[in-house]
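Data block below; observations after.
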Amino acid sequence: MKTKLFVGVLAVMLTGSAIGQAQAFAVGADGKAQEERTIAADDQATTEQLSKLFDVMRVKEQVQSMRKIVPSMVQQQIQAAMKQTETNLPAGTRLTDDQRERLQQVMTKYVGKAMDLYPSDEMLTDMNGIYQRHLSKEDVDGLITFYGSPAGQHLLDAQPLIAREFMPIVMAKVQERSQAMTKEMVKEMAEIVPRTKPAPKTGTTKPPAK
């Protein structure tokens with residue numbers, strides 16, 4: 001099992017929602033990324049402010065709910081790893097029931113260790129430092145007011161539903177348009193390197209009659 005890959009995927013899953021919301025603050029009304037600004041130390045949001053912001057943004061709940069998805073993913077990885085292990089056995093050899101059970105116990109143990117390499121509390125602590133570098137006290141107060149309002153809470157409720165409806169549209173349109181774009185690309189490439197007729201085979205033609 002590729003533990004490093006699993007840990008990386010897990011970290012993205014656990015932090016994706018909150019970080020995605022933070023990234024939205026760095027985009028201006030014209031859709032262009034804003035230049036990074038430096039927040040003076042005395043104007044940075046306090047840990048208490050950020051704790052309140054994470055509460056109203058439901059960041060902790062998002063982390064916990066996303067962690068509930070992990071066991072099923074882990075189980076699939078375990079089964080795939082066991083299948084690969086059995087495939088790599090010498091011809092005519094099969095795992096015994098006891099070996100299969102012991103292998104599953106070992107893999108489950110180490111997957112559990114991998115999941116705890118970067119605990120959610122530590123993630124939130126690290127997020128604190130990043131938020132402080134980019135958001136002022138005034139920014140955070142405004143965000144607390146918004147996300148603490150009925151409209152802000154409704155947005156949080158609606159975000160998973162919006163994403164679930166939007167992603168199939170994105171995937172379908174990207175697939176359809178990428179196919180058309182690929183055809184155009186192949187056509188232009190063919191114009192640069194046109195197909196050449198194969199050279200006639202030598203030694204197979206009859207000599208002209210005298």
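Just the ratio, please: alpha-carbon radius of gyration of the range 129-188 over 2.2 N^0.38 Å, N its number of residues.
Details: Rg = 20.0 Å, N = 60, 2.2 N^0.38 = 10.4 Å.
Its radius of gyration relative to the 2.2 N^0.38 Å reference: 1.91.
Counting other C-beta atoms within 10 Å, and keeping those with at most 13, which DSSP coil trypsin sites (Lys or Arg not before Pro) do you find in the range 91-120?
When the trypsin sites (Lys or Arg not before Pro) of the range 91-120 are filtered for loop state and at most 13 Cβ neighbours within 10 Å, R94 remain.
Please sort 157-166, 84-93, 117-126, 53-62 by packing, taking for each peptide the average over its residues of neighbouring beta carbons within 10 angstrom, highest first.
Top to bottom by mean Cβ count within 10 Å: 53-62, 117-126, 157-166, 84-93.
Amide H to amide H, which residues 5 or more places from L135 or on other chains are under 5 Å from it, using H placed in the peptide plane?
HN-HN under 5 Å from L135: A45.
How do the peptides 42-48, 181-187 rank, highest first, by the average count of neighbouring beta carbon atoms within 10 Å per residue? Intermediate values should be presented prior to the final figure.
Details: 42-48: 13.9, 181-187: 9.7.
Ranked by mean Cβ neighbours within 10 Å, highest first: 42-48, 181-187.
Could you look at the range 36-178 and say what percent of its accessible area is carbon and sulfur, using a 1.4 Å probe and all protein chains?
56 percent
The values are calculated or read from the model by the stated rules, or taken from the named source; none is laboratory data. Predicted, not measured: the structure shown is a model, and the values here were computed from it. In this analysis, Cβ positions are derived from the backbone assuming ideal geometry, glycine residues included, and neighbour counts consider all displayed protein chains. For accessibility, only protein heavy atoms count, side chains too; no ligands or nucleic acids. Shrake-Rupley method; radii C 1.70, N 1.55, O 1.52, S 1.80 Å.
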